[in-house]
Amino acid sequence: MVGFRATDVPPTATVKFLGAGTAACIADLITFPLDTAKVRLQIQGESQGAVKAVTSAQYRGVLGTILTMVRTEGPRSLYNGLVAGLQRQMSFASVRIGLYDSVKQFYTKGSENAGIGSRLLAGSTTGALAVAVAQPTDVVKVRFQAQARAGGGRRYQSTVEAYKTIAREEGFRGLWKGTSPNVARNAIVNCAELVTYDLIKDALLRANLMTDDLPCHFTSAFGAGFCTTIIASPVDVVKTRYMNSALGQYSSAGHCALTMLQKEGPRAFYKGFMPSFLRLGSWNVVMFVTYEQLKRALMAAYTSPEAHS
């Protein structure tokens, strides 16, 4: 067995809740520059037509975007919005990942044999519920990642100021901007991530190709990341554009998507695909591997004789 051994006692809902939030924060710390590069590529060209956007592109590719940001704005720019990002993960991942098994058991009425329908329903439920909790943190994170002000003033100076400024200038609704595309995105992402991870892991274990340890978790997480990127990219781009837009730029998320299609064509919906895949793939690997190990470590500590002495 690689890593911590599974305990005889299954992890509690509290262990899953805390473990998911902590694992997601660790994954965010490692992969945040890729997420920032993705946001910059997604919003690039939104005020121009498709042809003009291609010829005047400031960012080209994942590495090119990261190098351009480091050169023009300094290395710290890659971690713009990290505080809001960690706030988001602690509240967001704890709900959507940590409560997934509990909600799945609720839909299957406690049965161990969950069908794909029950898994999809559980993923959609916890994904949408998580957005309801963490939406303001997501708005602030995207705004910070999108701001590029090498020669001018920054849009926001701090995380707290960003929350206050958005609430003051755009009202309470400003902090919940893009909730509908975010609910759609995260219901899809959650289903793709958790259900795909669940199914791949179950298939590997049932076929006796792997045992329930790190290589199995790594393989399942990588597959989940790839599937998620393909499915979620279009709604992710719309979500990012809409959250970052100026007041009145788009009347709705649907209007944002239609404007993108008209001005930049269908390929705009897959802008930033490579950083999305690199980020989601690596994020899923780090998060799921860490999450599995944290659950085992926490349960081992909880059930050890020393814990009860």
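The values are calculated or read from the model by the stated rules, or taken from the named source; none is laboratory data. Keep in mind that what you see is a predicted model, and the values were worked out from it rather than measured. No Cβ is skipped: glycine too gets one built from the backbone with ideal geometry, and neighbour counts run over all protein chains shown. Remember, those area values only see protein heavy atoms, side chains included, never the ligands or the DNA or RNA. Shrake-Rupley method; radii C 1.70, N 1.55, O 1.52, S 1.80 Å.
Across the cross-link table entries Lys141/Lys263; Lys201/Lys239; Lys177/Lys239; Lys16/Lys141; Lys38/Lys239; Lys38/Lys104, which are compared at the Cα atoms, the separations over 21 Å belong to Lys141/Lys263; Lys201/Lys239; Lys16/Lys141; Lys38/Lys104.
Other residues whose C-beta falls under 13 angstrom from the C-beta of Ala130 contribute a net charge of +1, scoring Lys and Arg +1 and Asp and Glu -1.
On full extension, the segment bounded by Gln58 and Val133 gains 23.5 nm, given 0.36 nm per residue less the C-alpha separation. Pairs of Cα atoms nearer than 8 Å and 6+ residues apart set the relative contact order; for the chain it is 28 percent.
I'd like the carbon and sulfur percentage of the solvent accessible area for the chain, probe radius 1.4 Å, heavy atoms only, ligands and nucleic acids excluded. Ligands and nucleic acids excluded, carbon and sulfur reach 65 percent.
Taking the charge dipole of region 218-309 about its Cα centre, with +1 at Lys and Arg Cβ atoms and -1 at Asp and Glu Cβ atoms, the residue from Ser276, Thr259, Phe288 reaching farthest to the positive side is Thr259. Each other residue within a Cβ distance under 13 Å of Ile188 adds +1 if Lys or Arg and -1 if Asp or Glu, for a net charge of +1.
The orientation-averaged projected area of the convex hull spanned by the Cα atoms of region 64-219 comes to 11.8 nm². One way to sum up the overall shape of the chain is the equivalent ellipsoid from its Cα gyration tensor, whose semi-axes run 35, 20, 19 Å, largest first.
Seen against the Cα atoms of the chain and their longest principal axis, helix 273-303 is set at about 30 degrees.
The angle between the Cα long axis of helix 13-43 and the main principal axis of the chain comes to about 30°, on a 0 to 90 degree scale.
Put simply, the C-alpha atoms of region 62-114 give a gyration tensor, and the ellipsoid matching it has half-axes of 41, 13, 5 Å, longest first. For the pair region 92-163 / region 6-37, the C-alpha centres are spaced 13 Å from each other.
Taking the Cα centre of the chain as origin, sum charge times position over the Cβ atoms of Lys and Arg (+1) and Asp and Glu (-1), and report the length of that vector in debye to the nearest 20.
Values: 33 positive and 20 negative charges, 220 e Å.
Charge dipole, the chain, about its Cα centre: 1060 debye, nearest 20.
Each Lys or Arg adds one and each Asp or Glu subtracts one; over the other residues with Cβ under 10 Å from the Cβ of Gln145, this totals +3. Couplings for region 100-116, taken from phi via the Karplus curve 6.51 cos²θ - 1.76 cosθ + 1.60 with θ = phi - 60°, read 4, 4, 5, 5, 4, 5, 5, 6, 8, 6, x, 5, 6, 8, 8, x, 5 Hz in order; Gly and Pro are left as x.
Net charge dipole, region 196-309: roughly 520 debye, given to the nearest 20, about the Cα centre with Cβ charges of +1 for Lys and Arg and -1 for Asp and Glu.
When every alpha-carbon pair in region 139-261 is counted, what percent end up more than 16 Å apart? Across region 139-261, Cα pairs with separations above 16 Å total 69 percent. Residue ranges 246-257, 178-189 sort as 178-189, 246-257 when ordered by packing (mean number of other C-beta atoms within 10 Å per residue, highest first).
Projection of the Cα convex hull of region 199-309, averaged over all directions and equal to a quarter of that hull's surface, yields 10.9 nm².
Between the amide H of Gly81 and any residue lying 5 or more places away or on another chain, no distance stays under 5 Å, with hydrogens modeled in the peptide plane. Put simply, the convex hull of the Cα atoms in region 196-264 casts, on average, a shadow of 6.2 nm². The 3J(HN,Hα) values that the Karplus relation (6.51, -1.76, 1.60; θ = phi - 60°) gives for region 124-133 are, in residue order, 5, 5, 5, x, 5, 5, 5, 5, 4, 7 Hz. Gly and Pro appear as x. A protection proxy built from the mean count of other Cβ atoms within 10 Å ranks the segments 260-273, 156-169, 114-127, most packed first, as 114-127, 260-273, 156-169.
Excluding ligands, DNA and RNA, the accessible surface per residue across the chain is 45 Å² with a 1.4 Å probe.
Working note: Karplus 6.51/-1.76/1.60 with θ = phi - 60° gives region 70-87 the couplings 5, 5, 8, 10, x, x, 5, 4, 5, 10, 4, x, 4, 4, 5, x, 6, 4 Hz, where Gly and Pro are set to x.
Straight-line cross-link reach from Lys271 at under 17 Å between alpha-carbon atoms covers these aspartates and glutamates, not counting any fewer than eight positions away in the same chain: Asp35, Glu46, Asp236.
For the chain, the longest principal axis of the C-alpha atoms and the axis of helix 214-244 are separated by about 30°.
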